[in-house]
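**Student:** Dumping the structure here so I can ask a few things about it.
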Amino acid sequence: RATFEAKTGLKLSELKGLRILDAGCGGGRYCKVAGEAGAEVVGVDHTPAVEKAKSLCSHLPNVTFAQADLKHLPFEPGQFDVAFSIGVMHHDVDTRAVFEAVAKMVRPGGKLAVWLYRRNQGWQEAINDFLRHRTTRMDPDKLEKWCRCGALLGGIPVVNRTLNKIVSFSAHPSYENRICDTFDWYAPQYQHHHTVAELLDWFDRAGFDELIELPPEKGGLVYRWMYHANLLVGSGLGALIGVAAPGYYHAVFESGQSPDFNPFQVGVGLGLTQGAGLGIALAVGLLFVSFYRETREPDEPPMDDDPDDPPTRTLVSNAVALVVWIVVTAFVVVVASGVAFVIGGIVAQQQLYQSWGDRKLETAEEVLSSTPQFENVEVHLSSAAQIFLDGTVANEAIRDELHRQLQLAFGTAEADLLIEHVHLSPEE
């Protein structure tokens, strides 16, 4: 819901009774959001994904679907109060042609919201073009394997908010969604990136006024700066590690109790702080040893004195070499310590996620077994720490009761996601 409002600029509370076109509806998730807000929604996509969308929105009689080319929509112009297209038009051979065809469907005074890929820096575009030149020619099964690797990276804190600004992969909380999002980035034959000025010009030429450039979904000074500098590939930038060392130790000691404990992040933090401390201590110790060796009196006087190489010059050259060696040694210690903690953190994270997933699965099974009315609903473990429900219930009252119990067990946000695939029985 929040993503819908951020990417369309439309308030869900204002959609009731409006006739809305979702141009490029895909699996229908935004049609569902708008339909549940009371709008009369028509979703159109040129792929068979509309069948999945129909299933997702089967409980909403005010949502219908059609499979059609967006450049040749089966409607008379001006039939919709609102039209929106989120992340679709740029996958056609001609983005602007799709824009103009959809714009004609909006009545005079209506609203059109379009979300396109933003043009990034030249070096980012070059990397993306290089990769897509190969991925668009890959066998889909082979590409999916690579996308699963990207999905694994997307679940690693810090990495999923930094590396994906160079090579695009999804950082969605759900492992399955990360696979799909990453596949959707690399698989389509066409993927055009556009500037804000370019899109605003299209709106102006199509007769729209009072144009609004929507802000990025996420906030923060660093994110906004990177957004306006066109440095963001795909979606947003999260915060880097910014917790002081005591915070990491605190997390370690409370790891058994805190559900927010992140072993990977803790591992990175401890690796950097302990590694840096060890490196500094070693460097100081080496400095004292070297200083002592240079200043102590020799056991025997030197046989020859070279007037061109006085002791001061020798001491300076040795000191420079020592400093270089100290810096290199400290760097190696920091990196080695950090890598060790990171590897340990990854292993610990996977074990912890598995533990979380098992607990969630057990809790969901307890909820479903609490009454026979939920007997046709099943719970599945989709990935580490991620579960989903699937099935039907007899009527809306039972569905609401299941939703209430899920809220008590998992909280409102997760309960809203879990209940999405629980529908009413067809005979009802």
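The values are calculated or read from the model by the stated rules, or taken from the named source; none is laboratory data. The structure presented is a predicted model; accordingly, all values stated were derived computationally and were not measured. Note that each Cβ is placed from the backbone with ideal geometry, even for glycine, and that neighbours are counted across all protein chains shown. These area figures cover heavy atoms from the full protein model, side chains too; ligands, DNA and RNA do not enter into them. Shrake-Rupley method; radii C 1.70, N 1.55, O 1.52, S 1.80 Å.
**Student:** Please identify the chymotrypsin sites (Phe, Trp or Tyr not before Pro) of the range 162-204 that satisfy two criteria: DSSP loop assignment and at most 15 other Cβ atoms within 10 Å. Which are they?
**Tutor:** Those that pass, being in a loop and sparsely packed, are Tyr190.
**Student:** Under the classification rounded if a/c is under 1.5, otherwise prolate if a/b is larger than b/c and oblate if not, where does the range 98-221 fall, given a ≥ b ≥ c as square roots of the Cα gyration tensor eigenvalues?
**Tutor:** It comes out prolate by the Cα gyration axes.
**Student:** I'd like the accessible area for Arg107: 1.4 Å probe, protein heavy atoms, all chains in place, Å² to the nearest 10.
**Tutor:** Looks like 90 Å² after rounding.
**Student:** What's the FRET efficiency of Leu131 with Ala97 using the Cβ-Cβ distance as r and R₀ = 25 Å, to the nearest 0.05?
**Tutor:** The computed FRET efficiency comes out at 0.45.
**Student:** Quick one: accessible surface of Asp129, probe radius 1.4 Å, all protein chains present, in square angstrom to the nearest 10.
**Tutor:** Asp129 exposes around 90 Å² with every protein chain in place.
**Student:** What are the lysines whose alpha-carbon lies under 21 Å from the alpha-carbon of Lys52, with same-chain residues fewer than 8 places away excluded?
**Tutor:** Lys32
**Student:** Here is a follow-up. Report the gain in length on full extension from Glu176 to Arg148: 0.36 nm times residue separation, minus Cα-Cα distance, nm rounded to one decimal.
**Tutor:** 9.2 nm
**Student:** Moving to a separate point now. Calculated FRET efficiency, Leu200 and Gln67, Cβ-Cβ r, R0 22 Å, to nearest 0.05?
**Tutor:** For R0 = 22 Å, the calculated efficiency reads 0.10.
**Student:** At a 1.4 Å probe radius, which order do Glu401, Glu100, Glu366 fall into by accessible area, largest first?
**Tutor:** Glu366, Glu100, Glu401
**Student:** Over the range 106-221, what percent of the accessible surface lies on carbon and sulfur atoms, probe 1.4 Å?
**Tutor:** 58 percent
**Student:** For Thr47, what is the net charge nearby, where nearby means another residue's Cβ is under 14 Å from its Cβ and Lys, Arg count +1, Asp, Glu -1?
**Tutor:** Net charge around Thr47: -4.
**Student:** Could I ask something else about it? At 1.4 Å probe size, put Glu144, Glu76 in order of accessible surface, largest to smallest.
**Tutor:** Glu76, Glu144
**Student:** OK, next. Rounded to the nearest percent, how much of the accessible area of the range 1-103 (1.4 Å probe, protein heavy atoms only) is carbon and sulfur?
**Tutor:** Heavy-atom surface of the range 1-103 belonging to carbon and sulfur, 1.4 Å probe: 50 percent.
**Student:** Modelling each spin label as a point 7 Å along the Cα-to-Cβ direction, I'd like the Asp358/His403 distance in nm, to one decimal.
**Tutor:** Here the answer is 3.3 nm between the modelled labels.
**Student:** Compute the distance in nm between two label points, each set 7 Å from the Cα along the Cα-to-Cβ direction, one at Val167 and one at Ala113.
**Tutor:** Going by the 7 Å Cα→Cβ label model, 3.4 nm.
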